[in-house]
Amino acid sequence: MNKSLNEWRDAIWENAEKKGFHERNNFGEKLMLVVSELGEALEADRDDKWLGHGVDYERIPFDSIRGTVEEELIDAIIRILDICGIYKVDVDELMKRKFNYNIQRPPLHGRKYG
(Lines give C-alpha, C1' and ligand atoms only; values in the text may rest on other atoms or scores of the structure.)
Protein backbone atom coordinates (compact mmCIF):
# COMPACT_ATOMS: atom_id res chain seq x y z
CA MET A 1 0.00 0.00 0.00
CA ASN A 2 1.55 3.24 -1.11
CA LYS A 3 -0.03 5.88 1.08
CA SER A 4 1.00 9.35 2.08
CA LEU A 5 1.57 9.95 5.77
CA ASN A 6 -1.74 11.85 5.87
CA GLU A 7 -3.50 8.85 4.32
CA TRP A 8 -1.93 6.56 6.93
CA ARG A 9 -2.86 9.09 9.64
CA ASP A 10 -6.50 9.01 8.52
CA ALA A 11 -6.65 5.21 8.18
CA ILE A 12 -5.03 4.72 11.62
CA TRP A 13 -7.34 7.31 13.22
CA GLU A 14 -10.41 5.65 11.67
CA ASN A 15 -9.38 2.20 12.88
CA ALA A 16 -8.66 3.47 16.40
CA GLU A 17 -12.05 5.23 16.42
CA LYS A 18 -13.84 2.02 15.38
CA LYS A 19 -11.97 0.05 18.06
CA GLY A 20 -12.95 2.51 20.81
CA PHE A 21 -9.47 3.88 21.51
CA HIS A 22 -10.63 7.50 21.35
CA GLU A 23 -13.11 7.07 24.17
CA ARG A 24 -10.37 7.14 26.78
CA ASN A 25 -6.94 8.64 27.40
CA ASN A 26 -6.10 12.29 27.49
CA PHE A 27 -3.25 13.85 25.52
CA GLY A 28 -0.63 13.10 28.17
CA GLU A 29 -1.70 9.47 28.42
CA LYS A 30 -1.56 9.14 24.63
CA LEU A 31 2.00 10.48 24.66
CA MET A 32 2.97 8.00 27.36
CA LEU A 33 1.55 5.18 25.25
CA VAL A 34 4.03 6.21 22.55
CA VAL A 35 6.78 6.10 25.17
CA SER A 36 5.64 2.64 26.28
CA GLU A 37 5.99 1.37 22.71
CA LEU A 38 9.53 2.78 22.60
CA GLY A 39 10.23 1.07 25.93
CA GLU A 40 9.05 -2.20 24.40
CA ALA A 41 11.43 -1.58 21.47
CA LEU A 42 14.27 -1.14 23.96
CA GLU A 43 13.37 -4.42 25.68
CA ALA A 44 13.21 -6.20 22.32
CA ASP A 45 16.67 -4.82 21.53
CA ARG A 46 17.99 -6.05 24.89
CA ASP A 47 16.61 -9.48 23.98
CA ASP A 48 18.20 -9.18 20.49
CA LYS A 49 14.81 -9.45 18.80
CA TRP A 50 15.69 -7.83 15.50
CA LEU A 51 14.47 -9.08 12.15
CA GLY A 52 17.71 -7.90 10.57
CA HIS A 53 18.82 -5.70 7.72
CA GLY A 54 17.59 -6.30 4.18
CA VAL A 55 14.70 -8.50 5.27
CA ASP A 56 11.80 -8.94 2.84
CA TYR A 57 9.03 -8.09 5.30
CA GLU A 58 6.29 -9.20 2.92
CA ARG A 59 7.57 -12.77 3.00
CA ILE A 60 7.78 -13.08 6.78
CA PRO A 61 4.71 -14.46 8.59
CA PHE A 62 3.36 -11.78 10.92
CA ASP A 63 3.80 -14.07 13.94
CA SER A 64 7.56 -13.83 13.30
CA ILE A 65 7.41 -10.03 13.40
CA ARG A 66 5.53 -9.81 16.73
CA GLY A 67 7.66 -8.55 19.60
CA THR A 68 10.56 -7.41 17.44
CA VAL A 69 12.24 -4.03 17.62
CA GLU A 70 10.83 -3.21 14.20
CA GLU A 71 7.24 -3.98 15.22
CA GLU A 72 7.50 -1.88 18.38
CA LEU A 73 8.89 1.07 16.40
CA ILE A 74 5.94 0.80 14.00
CA ASP A 75 3.57 0.66 16.98
CA ALA A 76 5.04 3.98 18.18
CA ILE A 77 4.59 5.50 14.72
CA ILE A 78 0.99 4.26 14.60
CA ARG A 79 0.26 5.86 17.96
CA ILE A 80 1.87 9.14 16.85
CA LEU A 81 -0.09 9.18 13.59
CA ASP A 82 -3.29 8.51 15.54
CA ILE A 83 -2.58 11.52 17.76
CA CYS A 84 -1.93 13.56 14.61
CA GLY A 85 -5.30 12.37 13.31
CA ILE A 86 -7.08 13.47 16.47
CA TYR A 87 -5.58 16.95 16.17
CA LYS A 88 -5.78 17.13 12.34
CA VAL A 89 -2.03 17.62 11.92
CA ASP A 90 -0.97 17.88 8.27
CA VAL A 91 1.83 15.34 8.66
CA ASP A 92 2.96 15.44 5.03
CA GLU A 93 3.44 19.21 4.98
CA LEU A 94 5.00 19.53 8.42
CA MET A 95 7.33 16.56 7.80
CA LYS A 96 8.55 18.19 4.60
CA ARG A 97 9.03 21.57 6.25
CA LYS A 98 10.73 20.19 9.37
CA PHE A 99 13.05 17.98 7.31
CA ASN A 100 14.02 20.90 5.07
CA TYR A 101 14.76 22.93 8.20
CA ASN A 102 16.83 20.12 9.73
CA ILE A 103 19.01 19.57 6.64
CA GLN A 104 20.09 23.20 6.83
CA ARG A 105 21.13 22.98 10.47
CA PRO A 106 24.78 22.48 11.43
CA PRO A 107 26.08 19.06 12.50
CA LEU A 108 24.74 18.12 15.93
CA HIS A 109 22.71 21.35 15.66
CA GLY A 110 25.80 23.26 16.79
CA ARG A 111 26.22 21.30 20.03
CA LYS A 112 29.32 19.47 21.18
CA TYR A 113 27.48 16.17 21.74
CA GLY A 114 24.35 14.61 20.21
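The values are calculated or read from the model by the stated rules, or taken from the named source; none is laboratory data. From a predicted model like this one, the values you see are computed outputs, not experimental measurements. Here Cβ is always computed from backbone atoms with ideal geometry, including for glycine, and neighbour counts include all displayed protein chains.
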*Matching residues in region 18-57 - criterion: being under 18 Å from the mean Cα position of the chain (by Cα), of a type in the set (Asp, Glu) and more than 25 Å from residue 69 (Cβ to Cβ)*: none
*asked:* Tell me whether region 74-93 contains one or more residues that are free of Cβ contacts under 8 Å to residues at least 40 places away in the same chain and more than 17 Å from residue 8 (Cβ to Cβ).
replied: no
_Total residues in region 58-79, condition surrounded by 14 or more Cβ atoms within 10 Å (Cβ to Cβ) and among the aromatic types (Phe, Trp, Tyr)_ = 0
*From the set of residues in region 80-100 that are outside any helix (DSSP H, G or I) and on the phi < 0 side of the Ramachandran plot, which is surrounded by the fewest Cβ atoms within 10 Å (Cβ to Cβ)?*
87
*Within region 13-31, track down each residue that is surrounded by 11 or more Cβ atoms within 10 Å (Cβ to Cβ) and out of contact with any Gly (no Cβ under 6 Å at 6 or more places or on another chain).*
14, 15, 16, 17, 21, 22, 25, 30, 31
*How do the pairs read when you match residues in region 10-37 that are within 19 Å of residue 73 (Cβ to Cβ) and in contact (Cβ under 8 Å) with a residue 12 or more places away in the chain with residues anywhere that are of a type in the set (Val, Ile, Thr) and surrounded by 12 or more Cβ atoms within 10 Å (Cβ to Cβ), using Cβ under 7 Å and keeping only pairs 6 or more apart or on different chains?*
12/78; 30/83; 34/80
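A quick yes/no check of all residues on (1) in a helix (DSSP H, G or I); (2) at pLDDT 95 or above; (3) more than 22 Å from residue 95 (Cβ to Cβ):
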residue: 12; (1), (2), (3): yes, yes, no
residue: 22; (1), (2), (3): yes, no, yes
residue: 43; (1), (2), (3): yes, yes, yes
residue: 50; (1), (2), (3): no, yes, yes
residue: 55; (1), (2), (3): no, no, yes
residue: 70; (1), (2), (3): yes, yes, no
residue: 78; (1), (2), (3): yes, yes, no
_Consider region 101-114. How many of its residues are part of a helix (DSSP H, G or I) and either over 20 Å from the mean Cα position of the chain (by Cα) or among the small types (Gly, Ala, Ser) (or both)?_
6
